[in-house]
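Participant: Sending over a structure as structure tokens; questions will come in a sec.
The values are calculated or read from the model by the stated rules, or taken from the named source; none is laboratory data. Keep in mind that what you see is a predicted model, and the values were worked out from it rather than measured. When we count neighbours, we look across all protein chains shown, and the Cβ atoms used for this are built from the backbone with ideal geometry, even at glycine.
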């Protein structure tokens, strides 16, 4: 299933400052931030027992210069977040952040320094270059079990994030071709 139109299913959620999200086409969005942090997110729930594989393409246009493992630098030019919810409270959400890092080596996994119920997984790093499309494919069921030790049946919501509120820098990325199988 190719994900439907970003305009129909996604909304902006401002966390600290603003990130601009421009919908280029139905399944393609460009982000830009100058010291902001907002999420382009959908709470469109889907069953991962039927569609457990997520794939997409992304590229960083303007990278950050920061050690993202530190709380004061915890920003990413490109991030995809998938969340499972155990209730209505924000503290009942457990999330995986697939990130494109500046200084953390690809393959590194660490606990989000702002929220211990979120795990960061570095799929790309500065060695992957700027303005170059990269394709990803992940298994959500396997990753939630591996990194959070939980069995999931549904994804509560997911989104893209370009943020620079901690580092006070400029960052930009593009995301496209989201598909769930």
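Participant: Take the residues in the range 140-153 that are in contact (Cβ under 8 Å) with a residue 40 or more places away in the chain and either part of a strand (DSSP E or B) or more than 16 Å from the chain's Cα centre (by Cα) (or both); name whichever of them is surrounded by the most Cβ atoms within 10 Å (Cβ to Cβ).
Facilitator: Looking at the filtered set, the residue picked out is 152.
Participant: Could you identify the single residue in 162, 132 that is over 23 Å from residue 46 (Cβ atoms), in contact (Cβ under 8 Å) with a residue 60 or more places away in the chain and crowded, with 21+ Cβ neighbours inside 10 Å?
Facilitator: 162
Participant: Here is a further query. It is to be established whether one or more residues within the range 131-139 are in a strand (DSSP E or B) and more than 17 Å from residue 56 (Cβ to Cβ). Please lay out each step first, then the result.
Facilitator: Of the range 131-139, the ones in a strand (DSSP E or B) are 134-139.
So of that shortlist, the ones also more than 17 Å from residue 56 (Cβ to Cβ) come out as none.
Within the range 131-139, none of the residues are in a strand (DSSP E or B) and more than 17 Å from residue 56 (Cβ to Cβ).
Participant: Give 106, 117, 137, 93 a once-over and let me know the one that is exposed (fewer than 13 other Cβ atoms within 10 Å of the Cβ) and closer than 29 Å to residue 32 by Cβ. Even if it seems obvious, please write down each step before you answer.
Facilitator: Working: 106 fails: exposed (fewer than 13 other Cβ atoms within 10 Å of the Cβ); 117 fails: exposed (fewer than 13 other Cβ atoms within 10 Å of the Cβ); 93 fails: exposed (fewer than 13 other Cβ atoms within 10 Å of the Cβ).
Checking each option against the conditions leaves just 137.
Participant: Answer yes or no: is there a residue in the range 77-90 that is in a loop (DSSP other than H, G, I, E, B) and closer than 20 Å to residue 38 by Cα.
Facilitator: So far as the range 77-90 goes, yes, one or more of its residues are in a loop (DSSP other than H, G, I, E, B) and closer than 20 Å to residue 38 by Cα.
Participant: Name the single residue, out of those in the range 93-113 being touching a strand residue (DSSP E or B) at 6+ places or on another chain (Cβ under 6 Å) and not in a strand (DSSP E or B), that is nearest to residue 151 (Cα to Cα).
Facilitator: The qualifying residue nearest to residue 151 (Cα to Cα) is 112.
Participant: Would it be correct to say that residue 92 is more than 24 Å from residue 19 (Cα to Cα) and modelled with pLDDT under 90?
Facilitator: yes
Participant: Follow-up question, since we're still on this one. Filter the range 43-57 for residues that are surrounded by fewer than 16 Cβ atoms within 10 Å (Cβ to Cβ), touching a residue at least 24 places away in the same chain (Cβ under 8 Å) and farther than 21 Å from residue 99 by Cα and give the result.
Facilitator: 44, 45, 47, 49, 51 - these are the residues of the range 43-57 that are surrounded by fewer than 16 Cβ atoms within 10 Å (Cβ to Cβ), touching a residue at least 24 places away in the same chain (Cβ under 8 Å) and farther than 21 Å from residue 99 by Cα.
Participant: Consider residue 161 carefully, then state whether it is under 28 Å from residue 35 (Cβ atoms), outside any helix (DSSP H, G or I) and under 14 Å from the mean Cα position of the chain (by Cα). Let's see the steps before the verdict.
Facilitator: Numbers: under 28 Å from residue 35 (Cβ atoms): yes; outside any helix (DSSP H, G or I): yes; under 14 Å from the mean Cα position of the chain (by Cα): yes.
In short, yes.
Participant: Also, quick follow-up: Working carefully through the options 76, 46, find the one that is modelled with pLDDT of 85 or more and out of contact with any helix residue (DSSP H, G or I) (no Cβ under 8 Å at 6 or more places or on another chain).
Facilitator: Step by step, each of 76, 46 is checked, and only 76 is modelled with pLDDT of 85 or more and out of contact with any helix residue (DSSP H, G or I) (no Cβ under 8 Å at 6 or more places or on another chain).
Participant: Exactly one condition in (1) within 23 Å of residue 37 (Cβ to Cβ); (2) within 15 Å of the chain's Cα centre (by Cα) is not met by residue 169; state its number.
Facilitator: (2)
Participant: Restricting attention to the range 31-42, and to residues there that are out of contact with any helix residue (DSSP H, G or I) (no Cβ under 7 Å at 6 or more places or on another chain) and over 14 Å from residue 167 (Cα atoms), which single residue is surrounded by the most Cβ atoms within 10 Å (Cβ to Cβ)? Explain how you work it out, then say what you get.
Facilitator: Filtering the range 31-42 down to residues out of contact with any helix residue (DSSP H, G or I) (no Cβ under 7 Å at 6 or more places or on another chain) leaves 31-41.
Still in the list and also over 14 Å from residue 167 (Cα atoms): 31-32, 38-41.
On the way: 31: 25, 32: 19, 38: 22, 39: 22, 40: 21, 41: 18.
Among residues in the range 31-42 that are out of contact with any helix residue (DSSP H, G or I) (no Cβ under 7 Å at 6 or more places or on another chain) and over 14 Å from residue 167 (Cα atoms), the one surrounded by the most Cβ atoms within 10 Å (Cβ to Cβ) is 31.
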